[in-house]
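Written below as structure tokens is the structure these notes are about.
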Amino acid sequence: MAQTLSPPARYLRDLIRCPSVTPNEGGALSYLEDKLGTLGFHVERVTFSDHDTPDVENLYARLGNGAPHVMFAGHTDVVPVGDTDSWSSDPFAGEVRNGFMYGRGAVDMKGGIACFLSAVEAFLSRHDFSGSISFLITGDEEGPSVNGTDKLLKWAAEKGETWDAAIVGEPSNPEAVGDVIKSGRRGSLSGRVTVHGIQGHSAYPHLADNPVRGMVDLLDALLAEPFDQGTEQFQPTNLEVTSVDVGNPATNVIPAEAVAGFNVRFNDTWDGESMKSEIIRRFEAGSVAARIRTGKKEPVRFSVEWIGRVSPVFLTRDDMLIETLSEAIAGVTGSRPQLTTGGGTSDARFIKDYCPVVEFGLVGQTMHQVNECTSLDDLDCLASIYGSFLERYFAVS
Ligand SMILES: [Zn+2]
């Protein structure tokens, strides 16, 4: 039996039917270009290229010239479906069963885009407003994220675009739409420590220097104390040792080197430099403690290599954005959201350099899974919240 779908559900089904697995556009951006163009947006399609990574199409659309200027950011690309036979229905059909719509991208995050599109459409049909709304949509979030939001922001900023606030429509809610607003993210830093010893026969240890002992002392010092107790907005900083490697197949040879990898997720007590200094300080303390304990003259010899770039911690403290969105949520669901900073990365990490940004979208439980789905009620709820946010932010009635 054909079911009448509400506008956000209809738009989501249309988007799910575009097979836009990264880096394929799949018709999803053309669909948005058409819809937004009809609403009066000035739409631009931009393709970015880089070495060793596929070209990716992106979309930027703006309506209005005045202030304030609200950006909605998201991605139309989706992760692969995996084994199609494991799905109960075609992952690119958008089938509705028992009040849920199924399909790849239903929550991550074509659903968020469909809801914002529907909210804007309803808003424009009811109000004249003097501000601006833009959609910044990439096709490269789930892939390398090289030819996506980062470049699109730079491209738009070079044309003179500025924004007052941004909402990223990622599936940020753990249980129900309106539970949380994600208002920041912990920093991330990865490194590798190498302990340098002297190779030798395990029966003649006085002629060798076993780096495994030194590694135990260094890691013990690294993990002995918590880095902090957490802050008002962030959970405690956490470091995980992710590998310990000697690569020694022989049991009667003392190896020359031992290597350990680690990743630390840090809160706003630290920045990249102070975090690095603290880690080195702990290794040095461990190296000296070992010297005292073993009576050796030399401390443990070690070196540290940092891997990749430090991803900085950020926290959005914009009352206008957070308060307005919180009030919109409370108005629709009856309760105010919590502010959180947990979990992994999103394109908000790029947007934060341009304007205050939060993440708020559907419930994330089924993202990247087989039978990814959203309830139809959630779509209506999120579209209502976005709509109420627009009315409050632009102070129209
Ligand atoms: Zn996503």
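Can you find even one residue in region 137-151 that is more than 17 Å from the chain's Cα centre (by Cα), modelled with pLDDT of 95 or more and either within 15 Å of the ligand (Cβ to nearest atom) or within 14 Å of residue 386 (Cβ to Cβ) (or both)? Quick ask: steps written out before the conclusion?
Keep residues of region 137-151 that are more than 17 Å from the chain's Cα centre (by Cα), which gives none.
For region 137-151, residues more than 17 Å from the chain's Cα centre (by Cα), modelled with pLDDT of 95 or more and either within 15 Å of the ligand (Cβ to nearest atom) or within 14 Å of residue 386 (Cβ to Cβ) (or both): absent.
Out of curiosity, is residue 397 more than 16 Å from the ligand (Cβ to nearest atom), at pLDDT 95 or above and surrounded by fewer than 20 Cβ atoms within 10 Å (Cβ to Cβ)?
Numbers: more than 16 Å from the ligand (Cβ to nearest atom): yes; at pLDDT 95 or above: no; surrounded by fewer than 20 Cβ atoms within 10 Å (Cβ to Cβ): yes.
No.
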For region 357-378, how many residues meet the condition of being under 15 Å from residue 179 (Cα atoms) and surrounded by 21 or more Cβ atoms within 10 Å (Cβ to Cβ)? 7
Looking at region 95-120, I want the residues that are at positive phi and have a partner that is more than 14 Å from the ligand (Cβ to nearest atom) and of a type outside the set (A, V, I, L, M) with Cβ atoms under 6 Å, at least 6 apart or on another chain. Which pairs are those? 99/375; 103/91; 103/94
Answer residue from region 259-318, given it is more than 23 Å from the chain's Cα centre (by Cα) and among the acidic types (Asp, Glu) and is nearest to residue 226 (Cα to Cα) among those: 278
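Does region 122-136 hold any residues that are within 16 Å of the ligand (Cβ to nearest atom) and at pLDDT below 95, and which are they?
Start the filter on region 122-136 by keeping residues that are within 16 Å of the ligand (Cβ to nearest atom), which leaves 135-136.
None; the set is empty.
Regarding region 55-63, can at least one residue be identified that is surrounded by fewer than 17 Cβ atoms within 10 Å (Cβ to Cβ) and either at pLDDT 95 or above or among the β-branched types (Val, Ile, Thr) (or both)? So that I can check it myself, show each step before the final result.
Of region 55-63, the ones surrounded by fewer than 17 Cβ atoms within 10 Å (Cβ to Cβ) are 55.
Filter once more, keeping what is either at pLDDT 95 or above or among the β-branched types (Val, Ile, Thr) (or both): none.
Within region 55-63, none of the residues are surrounded by fewer than 17 Cβ atoms within 10 Å (Cβ to Cβ) and either at pLDDT 95 or above or among the β-branched types (Val, Ile, Thr) (or both).
Working only within region 343-356, note down all residues that are within 15 Å of the ligand (Cβ to nearest atom) and among the basic types (Lys, Arg). If you could, list the steps in order and put the result at the bottom.
In the first step, residues of region 343-356 are kept if they are within 15 Å of the ligand (Cβ to nearest atom); the result is 343-351.
Residue satisfying the conditions is 349 alone.
Does region 286-293 contain any residue that is surrounded by 18 or more Cβ atoms within 10 Å (Cβ to Cβ), touching a Leu at 6+ places or on another chain (Cβ under 9 Å) and farther than 30 Å from residue 201 by Cβ?
No, that holds for no residue.
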One residue from 64, 26, 40 being in the same structural domain as residue 147 (by TED's automatic domain parsing), on the phi > 0 side of the Ramachandran plot and under 25 Å from the mean Cα position of the chain (by Cα): 26
From the list 308, 364, exactly one residue is at positive phi and either within 16 Å of the ligand (Cβ to nearest atom) or in contact (Cβ under 8 Å) with a residue 12 or more places away in the chain (or both). Which is it? 308
Looking across region 69-89 at residues that are over 21 Å from the mean Cα position of the chain (by Cα) and surrounded by fewer than 18 Cβ atoms within 10 Å (Cβ to Cβ), the single one that is farthest from the ligand (Cβ to nearest atom) is 85
Residues that are away from the ligand (no atom under 16 Å from the Cβ) and either closer than 11 Å to residue 137 by Cβ or under 26 Å from the mean Cα position of the chain (by Cα) (or both): does region 101-114 have at least one? yes
For the condition assigned by TED's automatic domain parsing to the domain that holds residue 336 and at positive phi, what is the one hit in 169, 178? 178
If only one of 198, 167 is touching a residue at least 24 places away in the same chain (Cβ under 8 Å) and within 16 Å of the ligand (Cβ to nearest atom), which one is it? 167
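So is residue 359 away from the ligand (no atom under 16 Å from the Cβ) and either touching a Leu at 6+ places or on another chain (Cβ under 8 Å) or touching a residue at least 60 places away in the same chain (Cβ under 8 Å) (or both) or not?
Numbers: away from the ligand (no atom under 16 Å from the Cβ): no; either touching a Leu at 6+ places or on another chain (Cβ under 8 Å) or touching a residue at least 60 places away in the same chain (Cβ under 8 Å) (or both): yes.
Taking the combined requirement at face value, the residue does not satisfy it.
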Can you name the number of the only condition in (1) modelled with pLDDT of 95 or more; (2) away from the ligand (no atom under 16 Å from the Cβ) that residue 16 fails? (2)
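The values are calculated or read from the model by the stated rules, or taken from the named source; none is laboratory data. Just so you know, these numbers come straight off a predicted model, no measurement behind them. Cβ sites come from the backbone with ideal geometry, for glycine too, and all protein chains shown count toward neighbours.
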